[in-house]
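Just so you know, all these numbers are worked out from the coordinates, no wet-lab data involved. These numbers were taken from a predicted model, which means no experiment stands behind them. A quick note on method: Cβ atoms are made from the backbone with ideal geometry, for glycine too, and the neighbour counts reach across all protein chains shown.
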Amino acid sequence: MIHELGEESTLHDLVEHYFRASFTTENPIITEAVKRMLAAGGKRLRPRLTLLAVQACGGDATSYLHLAAYMELIHVATLIHDDVVDNAATRRGVNATAIDFGNRTSVLAGDYLFAWIFKNVTANYPAPIPHVLSATLAEICDGEVLQLHALGNLGTTVDEYVAMARKKTASLFAAAAECGAIVAGGSAEHVTALHTFGERYGVAFQMLDDLLDVTADSDALGKPVGNDLAERKMTIPLILALSRNDDAFRNDVRAFFGGTGMPIARVLEAIERQGGVTATRREIARWSGEAKRALQPLPPGTAKERLGALADALIE
C-alpha cells in the first residue's frame, strides 16, 4: 500500500495501469474511442491531484484509483465535445475523435461517457462526491458557453476571462483535489484548502495553455499553433496585449478575426510585441503563487511538496 510515494511518476503509472487493465464500458465503440484518446497521452494532472489530496489528508492513494480515473475521464469527455465544437482535426498529435468516428458518434460518445461516469460515481461514493462532480460538470458547460459568446469580442476583460477559466478549466481541478480530500476524511479546513489550490492552479494552467498557443511549436503542442486565435478565442495573451490600447494592433486583430487573410504569424508577433506574452507569464506566476499559498493549512509531507511542485512547474 502506498502512503507516501517516493516518486511522482508512481501516481501517473497507477492511473495508466488502471486505464490499460480495467477501463471498459458496455459500448465497445465508445470504449475504443475513449481508449484512443487516452493512448494519445496526457499528464493525467487531474487524477494526480485527487491522489495527492488523498495522501495530503492521510489516506491511501491506492484505495481511490477509480475515483481519480473518473476525473481524467470527465476531462476526456469534455475534450471529445470540444473537438466537435471547434471542428478540430487533431488532439495531442493524433486525429481528433470526430475525425475517426464522425461528429454524431463523438457527441454521443461524450454524452455516454458523462452518464457512465456518474452512474459509477453515484453507485460507489457517498455524498457529497456526486454533488461536487455534477455541480462541476454544470460549471464546465457554463464556462464553455461563456467562451463561445465571447468569441471575437475585443472588449473582453481580464476579469471576464478569469471567470470563464474558473468554470471551464479550474472547476475540474478544484473538484479533483476536493474529492480526494473528502474521501480521505480531511478536515473542513483541509478540504477547503485543497479546493482553493485546485481552482488557483486551474486558472494558471489555462493561462499557460493559452500562452503555449502563441509561443510553442505544433509538435510540442499537439495541435496547430495559433489554433485558439484562428477560432477567435479571447485568450489571456491577446487580452493583455489589447489592454495596451494600441489602435493599430486592435485593428489588425479585428481584421484577422474578420477573415481578411492576414497571416496568423503576424498576429502572434504583434501579441508578443505588445507585451502580451510577458504579461501572461506574470499572471501565471501570480496564480501559481496563490495556489501554493492555499496549501499552508496542510500538514508537512511529501504530498504537500508534490502539490507545490506542480504549481511551480507552471512557471518553469
Please sort 156-165, 207-216 by packing, taking for each peptide the average over its residues of neighbouring beta carbons within 10 angstrom, highest first. 207-216, 156-165
Please compute the modelled spin-label separation between residue 285 and residue 60, points set 7 Å along Cα→Cβ, answer in nm with one decimal. 4.4 nm
Angle in degrees between helix 45-56 and the longest Cα principal axis of the chain, rounded to the nearest 10: 40 degrees
Cα axis of helix 65-85 to longest principal axis of the chain: angle in degrees, 0 to 90, nearest 10? 20 degrees
Relative contact order for segment 9-313, counting Cα pairs under 8 Å that sit 6 or more residues apart, in percent: 19 percent
List the lysines whose Cα sits under 29 Å from the Cα of residue 292, skipping any in the same chain fewer than 8 residues away. 43, 167, 168, 233, 304
What's the local net charge at residue 241, with K and R +1, D and E -1, over the other residues with C-beta under 10 Å away? +1
Going by alpha carbons, how many degrees (0 to 90, nearest 10) lie between the helix axis of 103-124 and the longest principal axis of the chain? 30 degrees
Output ordering of 23-34, 279-290, 42-53, 70-81 (per-residue mean of other Cβ within 10 Å, highest first) is 42-53, 70-81, 279-290, 23-34
